[in-house]
Amino acid sequence: MPLARPLLGWLAFAVVMCLVPVFVSTGTVRILVFANFLAIFAMSWDVISGRTGYISFGHPFLIGIAGYTTAMLTYHLDTPLWLSIPAGVFATLVGGTLFLLPALRIRGTYFALVTLAFMELMYQLTQVIAPKVTGGTRGLSGIPTIVSGAIPNYYLTFGLVFAIGLGLWFVLRTRIGAALAALRMDEGAVAASGLSTIRLKLFAFMTSAAVAGIGGAFYVHYLGSIAPRGLFDINFLFTILVAALLGGSSTVAGPILGAYFLTFLLEYLRPYLPGPERYVIYGMIALVVYVLEPRGLHAILRTGARRLAPLLARRRIAP
């Protein structure tokens, strides 16, 4: 029974999202594709930062490794996608190991600054080292896509969101998830209990890197191009962080919810604030929500559902 209700929630989520393209316009479907990618990136970030407490400011570094690896393989060597995408994910796992090394000695503000340095280093390297291979400042275009059309891409990306979300939900409700939560609260106590903090951090960082790699590889093949300014932009990083925190950190559904909310908020603000000013607006909205409920939109919806349940029950009983 403990699993029945959450699984029904996941099933209802899948059914509703599969029916969405029937009732909305093609433009809205395209927005949802980007929301799906943001949900993947936010879930990936939350595995590291929400679960372990190691706040990462360099997550685009992991996303960019996968994107550039698969892009260069397909662009220069005509590597088939069924090989280049796994190669990109594997390369990201190597990058995740680099993320882990600073975490063995430092955390807090210093770890956040080191990860930010990783992102900046990647941004500079893609422009300076072998620009004929990476495309330099312009990047690479003409990269093959997996499917064409808004609706096929929507179902492909939502399939990724659903598979990753459900997989993370199953894993993180086990003892590993409880250990990671304890690691966030008191790493010393976890070590004193006999658990290996290094193995726990390795698991979290590799899981996060794998999810980021999957999202980054598919994202590049959806766009059909890649450029350093698009991937390593501070607004891109800011959006990932806010999506996870606004939706509800340390949950799986929260980053998904936050990603959908932010994507549509940005799109609806675009006609009125076409420039970066709209990031200030949604940042303020995120701040207000976070002040009212630090656990995010996920907690707000759950609280609202609990309050509505007795009212609905009374209406059913009343003659």
Checklist entry - Over all distinct alpha-carbon pairs, what is the Kirkwood Rh of segment 170-319 in angstrom? => result 18.4 Å
Checklist entry - Taking only protein heavy atoms and a 1.4 Å probe, what accessible area per residue, in Å², does the chain have with all protein chains in place? => result 50 Å²
Item to check | Sequence of GLU293, GLU277, GLU267 from largest to smallest accessible area, 1.4 Å probe | outcome: GLU277, GLU267, GLU293
Item to check | Gain in span if fully extended, ALA191 to ARG306, counting 0.36 nm per residue against the direct Cα distance | outcome: 37.7 nm
Checklist entry - Roughly what would the spin-label model give for VAL20 and ARG229, points 7 Å off Cα along C-beta, in nm? => result 3.0 nm
Checklist entry - Over what distance in Å are the Cα centres of segment 216-287 and segment 38-86 separated? => result 16 Å
Item to check | Length gained when the stretch VAL280-ARG138 is fully extended (0.36 nm per residue, less Cα-Cα span) | outcome: 48.4 nm
Checklist outcome for this item: On the accessible surface of segment 4-232, probed at 1.4 Å with all protein chains in place, carbon and sulfur together account for a percent value of 69 percent
Item to check | Spacing of the two label points (7 Å from each Cα toward its C-beta) at ALA178 and LEU77, in nm | outcome: 4.5 nm
Checklist outcome for this item: What one gets for segment 54-100 as the Kirkwood radius, inverse of mean 1/r over different Cα pairs in Å, is 10.9 Å
Item to check | Solvent exposure ordering (accessible area, 1.4 Å, most first) of LYS201, LYS132 | outcome: LYS132, LYS201
Next on the checklist: Please report, in whole Å³, the volume per residue of the convex hull around the C-alpha atoms of segment 4-232.
Outcome noted: 124 Å³
Item to check | Helix-only [θ]222 nm of the chain, DSSP H runs n ≥ 4, -39500 (n - 2.57) each, per residue, nearest 500 | outcome: -26500 deg cm²/dmol
Checklist entry - For ALA117 and PHE238 in one chain, what is 0.36 nm times their gap in residues minus the Cα-Cα distance, to one decimal in nm? => result 42.0 nm
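The values are calculated or read from the model by the stated rules, or taken from the named source; none is laboratory data. Source: prediction; values computed, not measured. Note that we place each Cβ from the backbone using ideal geometry, even for glycine, and neighbour counts take in every protein chain shown. Accessible surface areas use protein heavy atoms only, side chains included; no ligands, DNA or RNA. Shrake-Rupley method; radii C 1.70, N 1.55, O 1.52, S 1.80 Å.
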